[in-house]
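Engineer: Take a look at the following structure, please.
The values are calculated or read from the model by the stated rules, or taken from the named source; none is laboratory data. Keep in mind it's a predicted model, so treat the numbers as computed, not measured. Note that we place each Cβ from the backbone using ideal geometry, even for glycine, and neighbour counts take in every protein chain shown.
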Ligand SMILES: Cc1cc2nc3c(=O)[nH]c(=O)nc-3n(C[C@H](O)[C@H](O)[C@H](O)COP(=O)(O)OP(=O)(O)OC[C@H]3O[C@@H](n4cnc5c(N)ncnc54)[C@H](O)[C@@H]3O)c2cc1C
Ligand code: FES
Ligand code: FES
């Protein structure tokens, strides 16, 4: 089956690639665009390691066809921060031991970022409910929740200071 | 886990979509959120060579609230249902049920149209729509027709929808009185071991209207006529609730699977149904 041109905005940059319509978005990101932040844990829509932000929604990119993503605005963990300039969520995950092996972390942080956009002041229960699509096999979640709550505080404090 | 190859279409009108489907017959399939279809395509359980993406068709989106009725476009996502404040006031049972479907990521993509059209007995919306006595609007090459949710489901993955028809919207009368959607699942993001939707209206100590429907307790959702008859006109006493619960469990026909043997499912069903009836009465 012939390939199609897929145009997307990824982390603020217009990109174009050729892909078969049946290719999964996670494969296009990782293998064609070399964006390897989002991981493949289960490839069956269950673990959330492949979570990206697509047009303002947290999406499991293993359950989206490349063709469906044509024209979309996508943010991955690479678009949130980098080693020299960590996002506040990355900093808080580091400080509060929100990761151990780190495999789930790109998905966790990308999802947490959207959650805090929609609910800047979540309760612990709301964080747990909002993060229910992401599985971690190491941490037991306690420190992930702590990191996200700490990031919410920091972001709110920064917002207040700016006003 | 790579699906077989297909040709991709993204029409921007209902007519355009129907034209493509009619042209390719059973080789074509529509995709909404893809969160049931893509997993099936990965497992090669869905066979198609033309995929018709409905995402660009604005006619299929949106929630319309009129004084007595609610109309929801097929491409409305579960996330949009949950975050619609007016809908939560008019039909809070939708909110309660949608929050129990899958997980946040799946709810951003999964649509109400895909959920009810899919025909998977595990889907929560079909039982809920039978509880609400909703109508499904179907559009095909020969025009528009309406099928009641209570008449739509024939067997697992078999529905009254013709292959070349698109489900465009769902409409129901705004529910009044008490409501509950109760679901037992093994973990977050799991389909129901047993679930029940209940509506109850009370006047002067008497039940004037009731509705009960079950999810994942048979090949199709089940509207429990006998249990409804027991509740309607009664004083909703503990004995009545028990009798209605037993009648609803008797209407179920679960199969054994990885969620447990039949006996366990009926046990879970009984608890879920009773809780749903009791909560609906409390809120009535
Ligand atoms: C991890 C996970 C957990 C889940 N848990 C639950 C759960 O607890 N409860 C639950 O109810 N669901 C659950 N789901 C399913 C999810 O809600 C799906 O999104 C939903 O069943 C289908 O909606 P969709 O928009 O993704 O449809 P799609 O997957 O795009 O389509 C499903 C089927 O319906 C057909 N279709 C879609 N739209 C139309 C239309 N407008 N007209 C005609 N045919 C149409 C398609 O051709 C296809 O056959 C889960 C999914 C996942 C991945
Ligand atoms: S890899 Fe996509 S959900 Fe696990
Ligand atoms: S840190 Fe290892 S899976 Fe989450």
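Engineer: For the stretch A:129-151, name all the residues that are over 16 Å from the mean Cα position of the chain (by Cα), in a helix (DSSP H, G or I) and away from ligand 1 (no atom under 16 Å from the Cβ).
Structural biologist: Those that are over 16 Å from the mean Cα position of the chain (by Cα), in a helix (DSSP H, G or I) and away from ligand 1 (no atom under 16 Å from the Cβ): A:142, A:143, A:146, A:149, A:150.
Engineer: Something else about it: Restricting to strands (runs of 3 or more DSSP E) lying wholly in the stretch B:80-182: which have 3 or more residues that are closer than 21 Å to residue B:248 by Cα?
Structural biologist: B:153-155
Engineer: For the stretch A:129-142, check the following and say yes or no: at least one residue is on the phi > 0 side of the Ramachandran plot and out of contact with any helix residue (DSSP H, G or I) (no Cβ under 9 Å at 6 or more places or on another chain).
Structural biologist: Yes - at least one qualifying residue is present in the stretch A:129-142.
Engineer: So, of the residues in the stretch B:20-56 that are in contact (Cβ under 8 Å) with a residue 60 or more places away in the chain and part of a helix (DSSP H, G or I), which turns out to be surrounded by the most Cβ atoms within 10 Å (Cβ to Cβ)?
Structural biologist: It comes out as B:21.
Engineer: Then there is this: Residues to consider are A:52, A:88, A:40; find the one that is closer than 19 Å to residue A:113 by Cα and within 15 Å of ligand 2 (Cβ to nearest atom).
Structural biologist: None of the other options fit; the residue is A:52.
Engineer: Still on this structure, please answer the following. With respect to the numbered conditions (1) more than 16 Å from ligand 2 (Cβ to nearest atom); (2) in contact with a strand residue (DSSP E or B) (Cβ under 8 Å, 6 or more places away or on another chain), which one is the sole condition not fulfilled by residue A:114?
Structural biologist: If we test residue A:114 against (1) more than 16 Å from ligand 2 (Cβ to nearest atom); (2) in contact with a strand residue (DSSP E or B) (Cβ under 8 Å, 6 or more places away or on another chain), just (1) comes out false.
Engineer: Could you list all residues from the stretch B:183-206 that are free of Cβ contacts under 8 Å to residues at least 40 places away in the same chain and either crowded, with 17+ Cβ neighbours inside 10 Å or part of a strand (DSSP E or B) (or both)?
Structural biologist: B:203, B:206
Engineer: Tell me yes or no: at least one residue of the stretch A:91-104 is within 24 Å of residue B:35 (Cβ to Cβ) and at pLDDT 95 or above.
Structural biologist: The answer is yes, given that some residue of the stretch A:91-104 is within 24 Å of residue B:35 (Cβ to Cβ) and at pLDDT 95 or above.
Engineer: Taking the conditions exactly as written (outside any loop (DSSP other than H, G, I, E, B), in the same structural domain as residue A:16 (by TED's automatic domain parsing), in contact with a helix residue (DSSP H, G or I) (Cβ under 7 Å, 6 or more places away or on another chain) and at pLDDT 95 or above), does residue A:58 satisfy them or not?
Structural biologist: yes
Engineer: Sticking with this structure for a sec: On the given criteria, is residue B:232 over 23 Å from residue B:116 (Cβ atoms) and either buried (at least 24 other Cβ atoms within 10 Å of the Cβ) or modelled with pLDDT under 95 (or both)?
Structural biologist: Judged against the criteria, residue B:232 is not a match.
Engineer: Looking at (1) away from ligand 3 (no atom under 16 Å from the Cβ); (2) under 21 Å from residue B:6 (Cβ atoms), which is the one condition that is false for residue A:43?
Structural biologist: Going through the list (1) away from ligand 3 (no atom under 16 Å from the Cβ); (2) under 21 Å from residue B:6 (Cβ atoms), residue A:43 breaks only (1).
Engineer: Got a sec? Which of B:155, B:160 is surrounded by fewer than 22 Cβ atoms within 10 Å (Cβ to Cβ) and free of Cβ contacts under 8 Å to residues at least 40 places away in the same chain?
Structural biologist: The unique qualifying residue is B:160.
Yes/no matrix, rows are residues, columns are (1) under 15 Å from the mean Cα position of the chain (by Cα); (2) closer than 15 Å to residue A:45 by Cβ; (3) within 16 Å of ligand 3 (Cβ to nearest atom); (4) at the interface with chain A (Cβ under 10 Å from one of its Cβ atoms):
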| position | (1), (2), (3), (4) |
| --- | --- |
| B:24 | no, no, no, no |
| B:37 | no, yes, no, yes |
| B:41 | no, yes, no, yes |
| B:45 | no, yes, no, no |
| B:49 | no, no, no, yes |
| B:65 | no, no, no, no |
| B:85 | no, no, no, no |
| B:93 | yes, no, no, no |
| B:109 | no, yes, no, yes |
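Engineer: From A:66, A:49, A:162, A:112, which residue is within 16 Å of ligand 3 (Cβ to nearest atom) and either modelled with pLDDT under 95 or in the same structural domain as residue A:36 (by TED's automatic domain parsing) (or both)?
Structural biologist: One residue alone meets the criteria, A:49.
Engineer: Additional query: What number of residues within the stretch A:7-38 satisfy the criterion of being crowded, with 18+ Cβ neighbours inside 10 Å, within 14 Å of another protein chain (Cβ to nearest Cβ) and more than 16 Å from ligand 1 (Cβ to nearest atom)?
Structural biologist: Matching residues across the stretch A:7-38 total 7.
Engineer: For the stretch A:77-126: of the residues being within 14 Å of chain B (Cβ to nearest Cβ) and not in a helix (DSSP H, G or I), which is farthest from the chain's Cα centre (by Cα)?
Structural biologist: The selected residue is A:122.
Engineer: I would also like to ask the following. What number goes with the only condition from (1) in contact (Cβ under 8 Å) with a residue 40 or more places away in the chain; (2) within 14 Å of the chain's Cα centre (by Cα) that residue B:98 does not pass?
Structural biologist: Residue B:98 satisfies all of (1) in contact (Cβ under 8 Å) with a residue 40 or more places away in the chain; (2) within 14 Å of the chain's Cα centre (by Cα) except (1).
Engineer: Within the stretch B:67-79, how many residues are within 14 Å of chain A (Cβ to nearest Cβ), more than 17 Å from residue B:9 (Cβ to Cβ) and outside any helix (DSSP H, G or I)?
Structural biologist: Of the residues in the stretch B:67-79, 2 are within 14 Å of chain A (Cβ to nearest Cβ), more than 17 Å from residue B:9 (Cβ to Cβ) and outside any helix (DSSP H, G or I).
Engineer: Here's a follow-up. Looking at the structure I just gave you, is residue A:84 farther than 30 Å from residue A:5 by Cα and away from ligand 3 (no atom under 16 Å from the Cβ)?
Structural biologist: Yes.
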